[in-house]
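Structure first, then comments.
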Amino acid sequence: MHNKDTAMNVPLLDLKAQHASIADEINLAVADVFASQVFIGGPHVLACEKAVAAYSACAHAIGVSSGTDALLVALMAENIGPGDEVITSPYTFFATGGCVARVGATPVFVDIDPDTFNLNPELVAARITSKTRALMPVHLYGQMADMDPLLALAQKHNLVLIEDAAQAIGAEYKGRRAGSIGHYGCFSFFPSKNLGGAGDGGMVVTQDPARAERVAMLRNHGAHPKYYHRFIGGNFRLDALQAAVVTVKLKHLDAWTAARQANARRYDRLFADASLPERGIVLPRVQRDRHIFNQYVIRTPRRDALREFLNQRHIGNEVYYPVPLHRQECFAYLGYQPGSCPESERAAAESLALPIYPEVSDAQARTVVDAIRDFCTAAH
Ligand SMILES: *Cc1c(COP(=O)(O)O)cnc(C)c1O
């Protein structure tokens, strides 16, 4: 048993600390929405779209109801459906593959690069068929997928490129922002994302005015003008309260990202000082110029035991994700056998996310690394 005074509780994520630093600004923005009584659409949504477009170096941004709906509406805007195939990563949050299946298309899961946990472009070419319509890389944990070879494949085979950038707003690949490279970029404002709202929200970004227009119509039941429906869309709107909160938080995002990056460097240093990489703790590999560390994920073959150990010490941790999509029960009909995406399966068994939110203190980081050192010492 740990004494409450000596055992520091390090949560995986502490949104209260962040809110305390911006509460006045948030309250003003929320009060403004209530004063206007414009809750759907309106100036706050427009301002949020403009700010996210600029931040992501994209010509257009369309606020939507969630990151999931951002992916869904991008697929709908391309008329991707039954008979079509979409190549994506199996090592991601469910929404990525779920949306493909929801429009009636077939998700084709291609294995990841174990260094970055992102879609391995070298394996993609062999899976392209006459039915392939889109490539949907995921920028997992805040680090962008290897976009150049994916872009080349998309151009060569005339495929739509949709970036699942839900975990990667502000991340960069060779100086290019997440969401700005593909035909669509999809962001999530789920509260635990680096730019989180006060509920669900998301954004589609694109450089293409025609695509922006289709997405804008689809999010509002395909109507243009009002009550004249050119497409069958849905209610995928971002509400004004979320937009107001996200717009305030966006101003702080670069400072929070810098704090996450500094926290990651500190972990790297503390782990190295404790010689933990030599004892089988694999640290995150940063290959892209701007990794925004939505998560700091280590690997160890003894992951489940380490998890148990950290839980006993009340140190926040999480497994993103324990079951890769190709092994999910709901996708059994696709017929993937164990071993069909071996790196994704190994990552699902070995990865463990540690507290990396901007306000993690030096003492908290040391508590985390000390605990992992104690685990490694006890284990050998
Ligand atoms: C969070 C997330 C989504 C879905 O976003 P929601 O806003 O929760 O719907 C999609 N893809 C990835 C990779 C995510 O992390």
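Since every read-out is calculated from the coordinates, none of them should be taken as a lab result. In this text the structure is predicted, and so the values were computed from the model without any measurement. We place every Cβ from the backbone using ideal geometry, glycine too, and count neighbours over all the protein chains shown.
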Please give the peptides 222-233, 194-205 ranked by average Cβ packing (other Cβ atoms within 10 Å per residue), highest first, as a rough proxy for protection.
194-205, 222-233
Against the longest principal axis of the chain, how steep is helix 67-77, in degrees 0 to 90 to the nearest 10, with axes from Cα atoms?
30
Excluding I128 itself, what net charge comes from residues whose Cβ is under 13 Å from its Cβ, given Lys and Arg +1 and Asp and Glu -1?
+1
Could you state the number of Å between the C-alpha centres of region 295-344 and region 159-207?
24
Helix 209-218 against the longest principal axis of the chain: what's the angle in degrees, Cα atoms only, rounded to the nearest 10?
90
Explain nothing, just the number: relative contact order of region 126-172, from Cα pairs under 8 Å at least 6 residues apart, as a whole percent.
49
Give, in nm to one decimal, the length gained when the segment between A20 and K226 is fully stretched (0.36 nm per residue of separation minus the Cα-Cα distance).
70.1 nm
Report the relative contact order of the chain, percent, no decimals, based on alpha-carbon pairs under 8 angstrom and at least 6 residues apart.
22
In deg cm²/dmol, rounded to the nearest 500, the helical mean residue ellipticity at 222 nm of the chain, built from -39500 (n - 2.57) for every DSSP H run of length 4 or more, is -12500 deg cm²/dmol
Along the charge dipole of the chain, Cβ charges K/R +1 and D/E -1, which of G175, L123, A59 sits furthest on the positive end?
A59
Using the Karplus curve 6.51 cos²θ - 1.76 cosθ + 1.60 with θ = phi - 60°, work out ³J(HN,Hα) for each residue of region 137-150 in order, rounded to whole Hz, and write x for Gly and Pro.
x, 10, 9, 6, 6, x, 10, 6, 5, 6, 7, 4, x, 5
With the label point 7 Å along the Cα-to-beta-carbon line of D208 and a cut-off under 16 Å to each amide N, the hits in region 116-148 are 132-137
J(HN,Hα) series, region 192-205, from Karplus relation 6.51 cos²θ - 1.76 cosθ + 1.60, nearest Hz, glycine and proline x
8, 6, 4, 10, x, x, 9, x, 8, x, x, 8, 9, 10
How large is the convex hull of the Cα atoms of region 17-250 per residue, expressed in Å³ as a whole number?
115
Place the peptides 337-345, 297-305 in order of packing, highest mean first, counting for every residue the other Cβ atoms within 10 Å and averaging per peptide.
297-305, 337-345
Which whole-number percent is the relative contact order of region 253-379 (Cα, under 8 Å, 6+ apart)?
36
Only counting other Cβ atoms within 10 Å, I'd like T247, T129, T96 sorted with the fewest neighbours first.
T129, T247, T96
Find the all-direction average of the projected area of the Cα convex hull for region 168-226, expressing the result in square nanometres with one decimal place.
4.8
³J(HN,Hα) computed for each position of region 10-22 - Karplus, 6.51 cos²θ - 1.76 cosθ + 1.60, integer Hz, glycine/proline x:
10, x, 5, 8, 10, 6, 5, 4, 5, 4, 4, 6, 10
Relative to the Cα centre, what is the charge dipole magnitude of the chain, using +1 at the beta carbon of each Lys and Arg, -1 at the beta carbon of each Asp and Glu, and rounding to the nearest 20 debye?
340
Using only Cα atoms, tell me the angle between helix 362-379 and the longest principal axis of the chain; keep it within 0 to 90° and round to the nearest 10.
60
What percentages make up the Cα-Cα pair-distance distribution of region 100-174 when the bins are 5 Å wide from 0?
3, 16, 26, 27, 18, 8, 1
Using the alpha-carbon centroid of each, what span in Å lies between region 54-111 and region 125-150?
12
Express the C-alpha Rg of region 253-379 as a ratio against the empirical globular expectation 2.2 N^0.38 Å, rounded to two decimals.
1.14
